[in-house]
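For reference, the structure is listed below as structure tokens.
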Amino acid sequence: MPVSFWIAFHIGVFVVLAIDLVGFNRKAHAVTIKEASIWSIVWVLLSLSFNVLVWHLKGDAAALDFFTGYVIEYSLSVDNIFVFVLIFTYFQVRRKYQHRVLVWGILGALVMRGTMIALGVSLVQRFHWILYIFGAFLLITGVRMLVSHGEEIDLESNFVLRFCRRWMPVTPEYHGEKFIVKERGKWMLTPLALVLIVIDIMDLVFAVDSIPAVFAITQDEFIIYTSNICAILGLRSLYFVLAHVIDRFIYLKTGLAFVLGFVGLKMILANFIHIPNWVSLLIIVTTLTITIVLSMRATRGRGAAKEVLPPVSKVS
């Protein structure tokens, strides 16, 4: 794609992020399910509109690749919500500040995921056999996700968190929605900044799984990157829609494990068995639909999680 199109895409991303951060969220408040649902629909429609543009510029095959990559990234990103809930609960972040953290987190994701995708594409172009390594990695990750179902991340022993606590000046309490403050003539991070750092690092960890998965669909750098970013843009709003019921998705990790395993096998067997991308899309959507429906039916009547209050005794 021409450089001008890359520039136009990023301008569009920053414009909608500015509208989201400054216009929509001018005053910190707890995002309601109605607001989040509206924004989730907006992000999906924007992504689909962009897909139409891809179809117009690059044809049917590229449009299908984008949509399949988008579905893979969006579905795998839902797994991030489990971690976001854990992080926000651990740091006891009020809901009215969570949106700000997630919006700024996408800026870090733009840089980190863009770098990873560029590196991955470069490696595949030079060493095509690395796709088999990606496939094996995804297959192993899927199996590990399946057998480790129910395990939680131990934030208390998280290396990044321990490093920040030891080497960075952090205030013992929150200062509203601020990430840095000046106390006694010294600039210090607030606990909210720690939350942002941990969320960005965890997003990077999840990207190690999700980005290689799209290489099973296409090696087009532009399609991989844009489908990835479009999925991440919609994740923040989806978080506020699902955060209260995410604990009901008891079979979702099983479905995601199957998706990773399937994509991994597709990459490994590509030279022996050709699976059209439309078939891959059908399998992925069917798997996720079944696991979500079964989860909601099995946990019918389970209450929603309550908001936590902001004491920060665990951050000091």
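The values are calculated or read from the model by the stated rules, or taken from the named source; none is laboratory data. The shown structure was predicted, so the numbers you read here are calculated from the model rather than taken from an experiment. Cβ placement follows ideal geometry from the backbone for every residue including glycine, while neighbour counts extend to all protein chains displayed.
Values as computed for the structure displayed
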item	result
The stretch 248-261 residues that are under 15 Å from Val147 (Cβ atoms), paired with ones that are surrounded by 23 or more Cβ atoms within 10 Å (Cβ to Cβ) and not small (Gly, Ala, Ser) (beta carbon under 6 Å, 6 or more apart)	Leu260/Leu138
Listing of helices (runs of 4 or more DSSP H) fully contained in the stretch 124-242 that carry 3 or more residues being over 30 Å from Asn51 (Cα atoms)	130-147, 159-167, 191-214
From Val78, Val52, Val101, residue being closer than 22 Å to Ser280 by Cα, among the aliphatic types (A, V, I, L, M), at pLDDT 85 or above and in a helix (DSSP H, G or I)	Val52
Lone qualifier among Ile81, Ile130 - being out of contact with any Pro (no Cβ under 7 Å at 6 or more places or on another chain) and in contact (Cβ under 8 Å) with a residue 40 or more places away in the chain	Ile81
Leading residue by the ranking (surrounded by the fewest Cβ atoms within 10 Å (Cβ to Cβ)) among those in the stretch 224-275 that are of a type in the set (Phe, Trp, Tyr) and under 19 Å from Val83 (Cα atoms)	Tyr251
